[in-house]
Amino acid sequence: MKVRLVLVEPEGKINMGFIIRLAKNFEVDEVVLINPKFEIDDEVLRFAAQGKDYVSKVKVVNDLDDALEGLKVCTSAKVSHRDPLRDFIVPWELPEKVGVPGVLTLVFGRESVGLTREELKKCDLLLHIPASSQYPVLNLSHAVAIVLWEVWKAYRLNKANLPKPATQERINLVMRHAKELLERFVGDEEKRERLLESLKKLLSKGTDLEVGALLYLLGKCSNVLGLEQKRKE
Ligand code: SAH
């Protein structure tokens, strides 16, 4: 799936820098600016930090129509259940509502006045980040961050560094050591069963490293007590 970001008449260089950085963070395929109110200069690049090479993916056009492609999703802080142009979905509903579009184009409005009704008409959907009803208007780059993160979570999480769960083999080894130790120290069979059940639940939540540490410790205990030896005989 191709993810595209369209910014309509962006006004702030700092926001632009942050958005270029975000485009790199979340591997946006293309960024299109409609009539930006500034030049992309050193100040923008300073805020893009190590995302500054992504500037090569930024295109500038004059007309919104030239930037729209695939499934077009406009974004706004201003929504309504009564106005069809301002009826909306929330970011985490995207995969359920639209599946996996070939091209997803996310459209963001001006810092000062957002998107016009004419611009909203050009989109297939309106996406709203629900926030305080007292003040639901987010800073442009913050809104971009939230939407890109939701899109990343829904479609591209497999590209990221994620926790490594313990392997079943390691969990089984810990359970075997625990069972032997309990048989040695706890006479009551029902109590042993209950403890093993709790341990099994705990292990299922552990990372590979955490379960590995427990395995090491229980392995040492078994060795010292000669349980390992006893099993081999
Ligand atoms: N004063 C403008 C504010 C625009 S904020 C207005 O009232 O519309 C700039 C852009 O950030 C918006 O056009 C929209 O693309 C995005 N944005 C800000 N808050 C948002 C929210 N709660 N949900 C979705 N997009 C939001």
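The numbers here are math on the coordinates, done by the rules we state, and not lab data. These numbers come from a predicted model, not from an experiment. A quick note on method: Cβ atoms are made from the backbone with ideal geometry, for glycine too, and the neighbour counts reach across all protein chains shown.
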- Item | Inter-part distance where the range 156-217 and the range 31-50 are each reduced to a Cα centre, Å | 51 Å
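What net charge is computed for the residues neighbouring D29, neighbours being all others with C-beta under 14 Å from the C-beta of D29, Lys and Arg scored +1, Asp and Glu -1?
Values: positive: K2, R4, K24, K57, K59, R156, K159; negative: E27, E30, E69.
Result for the neighbourhood of D29: +4.
May I ask which of K78/K153; K78/K159; K2/K164; K13/K57; K97/K153; K24/K153 have a Cα-Cα span longer than 23 Å here? If you can, show how the numbers build up before the last one.
Working: K78/K153 25 Å; K78/K159 33 Å; K2/K164 28 Å; K13/K57 17 Å; K97/K153 15 Å; K24/K153 15 Å.
Flagged as over cut-off: K78/K153; K78/K159; K2/K164.
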- By a straight-distance test (C-alpha under 26 Å), which lysines pair with K230 as possible cross-link partners, with residues fewer than eight away in the same chain excluded? K179, K191, K200, K220
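Considering only DSSP beta bridges whose two residues both sit in the chain, what percent are antiparallel, to the nearest 5? Numbers along the way, then the final one.
Working: 2 of 25 bridges.
Rounded to the nearest five, the antiparallel share is 10 percent.
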- Which ³J(HN,Hα) values, rounded to whole Hz and listed in residue order, are derived for the range 53-63 from phi using the Karplus coefficients 6.51, -1.76 and 1.60 in 6.51 cos²θ - 1.76 cosθ + 1.60 with θ = phi - 60°, glycine and proline given as x? 5, 6, 4, 5, 8, 8, 10, 10, 9, 9, 10
- Message: Please report Rg (one decimal) and Dmax (integer) in Å for the Cα set of the range 168-232.
- Response: 11.7, 31
- Message: Using a 4.7 Å cut-off between beta carbons, which cysteines in the chain end up with no partner cysteine at all?
- Response: C221
- Positive-end extreme of charge dipole, the chain - chosen from G187, S141, V113 (charges on Cβ): G187
- Message: Show me the helices of the chain, taken as full DSSP H stretches, that run 30 Å or more along their long axis by Cα and average 1.6 or above in Kyte-Doolittle hydropathy.
- Response: none
- For the range 168-232, the dipole about the Cα centre with charges only on Cβ (Lys and Arg +1, Asp and Glu -1), to the nearest 20 debye, works out at 120 debye
- Compute the normalised compactness of the chain: alpha-carbon radius of gyration over 2.2 N^0.38 Å, N being the residue count. 1.53
- Charge dipole of the range 168-232 built from unit charges on the beta carbon (Lys, Arg +1; Asp, Glu -1), centred at mean Cα; most positive-end Cα among L196, V224, L173 is V224
- Sequence-distant or interchain residues sharing an amide H contact under 5 Å with L127, placed H: which? C74, T75, S76, I89
- Note on the structure: Note to self: Kirkwood Rh of the range 1-128, Cα pairs, one decimal, Å, is 15.0 Å
- Query: Applying the Karplus parametrisation 6.51 cos²θ - 1.76 cosθ + 1.60 with θ = phi - 60° to the phi angles of the range 36-46, what ³J(HN,Hα) value in whole Hz is obtained for each residue in order, glycine and proline being reported as x?
  - Reply: x, 8, 7, 8, 7, 10, 4, 5, 4, 5, 4
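Please give the charge dipole size of the chain, origin at the Cα centre, charges +1 on K and R Cβ atoms and -1 on D and E Cβ atoms. Round to the nearest 20 debye.
Values: 37 positive and 35 negative charges, 172 e Å.
Roughly 820 debye, rounded to the nearest 20.
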- Between L5 and residues 5 or more places away or on another chain, the pairs with built amide H atoms under 5 Å apart involve E30, V31, V32, L106
- Using +1 at the Cβ of each Lys and Arg and -1 at the Cβ of each Asp and Glu in the chain, identify which of P10, W152, L215 lies farthest towards the dipole's positive end. L215
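By the scheme Lys and Arg +1, Asp and Glu -1, what is the net charge of all other residues having a beta-carbon under 14 Å from that of T207?
Local charge sum for T207: +1.
Given the rule -39500 (n - 2.57) for each run of at least 4 DSSP H residues, summed and divided by the residues of the chain, what is its mean residue ellipticity at 222 nm, to the nearest 500 deg cm²/dmol? Intermediate values should be presented prior to the final figure.
Working: 9 runs with 105 residues, N = 233.
Taken over the chain, the calculation gives -14000 deg cm²/dmol.
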